[in-house]
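Asker: Structure provided below as structure tokens; questions to follow.
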Amino acid sequence: MSDVSNELLRLYDQYDAWINGRITFTVAEAIQFKRDFRKAIAQVGLLEIGLGSATMDAMVAASEPGSNVVMLSMRRIDGIVQRAMNEGEPA
């Protein structure tokens, strides 16, 4: 299972325990739950548009000064694939 799925399951278990009275919670725990839940919602939204955490990490690394990480556009990737298929000759 993904990190997001595990986090959602953890949040569900915590919520279920609260509403069924198995555990009590403080205001601070409720605030932290709200933050964690909003973060999980944002992560799901990013996954829906195809941006997983690894993609985001790569984007951050590519934006740092002196980084050797390069983000390629689909146009550049297509060109690389075409060159590989044409044995090194431009498309």
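Asker: With a 1.4 Å probe and every protein chain kept in, tell me what percent of the accessible surface of the chain is carbon plus sulfur.
Answerer: 59 percent
Asker: Please compute the volume of the convex hull spanned by the alpha-carbon atoms of the range 29-85 and report it per residue in Å³.
Answerer: Looking at the range 29-85, the number lands at 107 Å³ per residue.
Asker: Moving to a separate point now. What order, most packed first, do the peptides 33-39, 17-23 have when packing is the mean number of other Cβ atoms within 10 Å of each residue?
Answerer: 33-39, 17-23
Asker: Whole-Hz ³J(HN,Hα) for each residue in the range 7-12, computed from phi via Karplus 6.51 cos²θ - 1.76 cosθ + 1.60 with θ = phi - 60°, x for glycine and proline: what do you get?
Answerer: 5, 5, 5, 4, 5, 5
Asker: With a 10 Å radius around each residue's Cβ, average the other Cβ atoms per peptide and rank 74-80, 41-47, highest first.
Answerer: 41-47, 74-80
Asker: Output ³J(HN,Hα) for the range 48-55: one whole-Hz value per residue in order, computed from phi by the Karplus curve 6.51 cos²θ - 1.76 cosθ + 1.60 with θ = phi - 60°, and x for Gly and Pro.
Answerer: Whole-Hz 3J(HN,Hα) from phi for the range 48-55: 5, 9, x, 10, x, 5, 5, 5.
Asker: On to the next question. Hey, what number do you get for the chain at 222 nm if only DSSP H runs of n ≥ 4 count, each worth -39500 (n - 2.57), divided across all residues, to the nearest 500?
Answerer: Estimated from H runs of four or more residues: -22500 deg cm²/dmol.
Asker: What is the dipole size for the range 9-91, taken about its Cα centre, with +1 at each Lys and Arg Cβ and -1 at each Asp and Glu Cβ, in debye to the nearest 20?
Answerer: 300 debye
The values are calculated or read from the model by the stated rules, or taken from the named source; none is laboratory data. Everything numeric here is computed off the predicted structure, so don't read it as measured data. Quick reminder, even Gly has a Cβ in these numbers, built from the backbone with ideal geometry, and neighbours come from all protein chains shown. What goes into the accessible areas is simple: the full protein's heavy atoms, side chains included, and nothing from ligands, DNA or RNA. Shrake-Rupley method; radii C 1.70, N 1.55, O 1.52, S 1.80 Å.
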